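Everything on this sheet refers to the single structure shown next.
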Amino acid sequence: MSLLSEINIDQLPNHIAIIMDGNGRWAKSKGLLRNIGHQNGAKTVKEVVETCAKINVKYLTLYAFSTENWNRPKLEVELLMKLLISSLKKEVETLQKNNIKLSTIGNLNSLPTIVAKELKDVIEKTKDNNRLTLTLALSYGSREELIKTIKEISLKVKNNLISPENIDKSVINNHLYDHYLPDVDLLIRTSGEQRISNFLLWEIAYAELFFSDILWPDFNKENLFEAILNYQNRERRFGKTSDQLK
Ligand code: FPP
């Protein structure tokens, strides 16, 4: 029986973020090229995105390519970019059918023009969808994002557009890549690694962390339900005591 029946649909995490890890090890364990791991990882992306839309999770953010990933072998980077383009082309209909809005965070200027163009196209086509916002973190690094934010705010201070005492959480939020991305409720990382790897450092301040040993290409909707169930059995105190929550 599916774990879905055990999930409290009224208490879903509003924003799930996932560090999709383990494509390379999955391929290696089968004697396959790393790229085949990424291709199978893309199938998992489809299953997880469709499942989130189905159960009504409102925000899903996927770490698809970090600023550090540019240091991988040139061929692997090229194939990942090609996979991204083909997935976008292939899945735009799925996004429309499921009322999913595509969004991105990261230094998009560093992406190949053809990837940026395809992304812009799908973002435009899906901009009015409102069931689920799917955000792809591409050429993304949280420290770079925070540096960009600090630079922009400093410039506004210098030009007397904002005074330092008025800098608060919302001012910071308004200068991040995506002003509308809410705090993360549940952060999942697959493949047994237990690291944050420069992902959404600002937004995960109070996220519940879930580490799965499963390699990303093997991760499926039941594993997602397991993570959500685990999340629903935690007490989120946000600094308060248990008694205060009652
Ligand atoms: C981590 O596995 C995965 C990536 C760096 C890329 C993620 C890309 C995908 C899941 C496929 C396409 C994505 C979309 C959005 C269509 P790894 O290569 O670091 O694995 P390893 O740690 O085992 O080497």
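The values are calculated or read from the model by the stated rules, or taken from the named source; none is laboratory data. Model, not experiment: these values are computed from the prediction. All Cβ positions, even for glycine, are placed from backbone atoms using ideal geometry, and neighbour counts span all protein chains on display. Remember, those area values only see protein heavy atoms, side chains included, never the ligands or the DNA or RNA. Shrake-Rupley method; radii C 1.70, N 1.55, O 1.52, S 1.80 Å.
When restricted to residues that are hydroxyl-bearing (S, T, Y) and at pLDDT below 85, the range 232-241 contains 0. Is the range 77-90 home to any residue that is of a type outside the set (V, I, T), more than 18 Å from S191 (Cβ to Cβ), part of a helix (DSSP H, G or I) and in contact with a Gly (Cβ under 9 Å, 6 or more places away or on another chain)? Yes, because at least one residue in the range 77-90 is of a type outside the set (V, I, T), more than 18 Å from S191 (Cβ to Cβ), part of a helix (DSSP H, G or I) and in contact with a Gly (Cβ under 9 Å, 6 or more places away or on another chain).
Annotation: of all residues in the range 4-59 being open to solvent by less than 20 Å² (accessible area, probe 1.4 Å), of a type in the set (G, A, S) and not in a helix (DSSP H, G or I), the one that is farthest from the ligand (Cβ to nearest atom) is A17. For the range 60-68, indicate whether the set of residues that are touching a Cys at 6+ places or on another chain (Cβ under 6 Å) and either more than 8 Å from the ligand (Cβ to nearest atom) or within 25 Å of L12 (Cα to Cα) (or both) is non-empty. Within the range 60-68, one or more residues are touching a Cys at 6+ places or on another chain (Cβ under 6 Å) and either more than 8 Å from the ligand (Cβ to nearest atom) or within 25 Å of L12 (Cα to Cα) (or both). Could we say that A116 is open to solvent by 30 Å² or more (accessible area, probe 1.4 Å), within 11 Å of the ligand (Cβ to nearest atom), closer than 21 Å to L176 by Cα and small (G, A, S) here? No.
Screening the range 147-246 for helices (runs of 4 or more DSSP H) wholly inside it with 3 or more residues that are within 16 Å of the ligand (Cβ to nearest atom) and more than 22 Å from N107 (Cα to Cα) returns the ranges 221-232.
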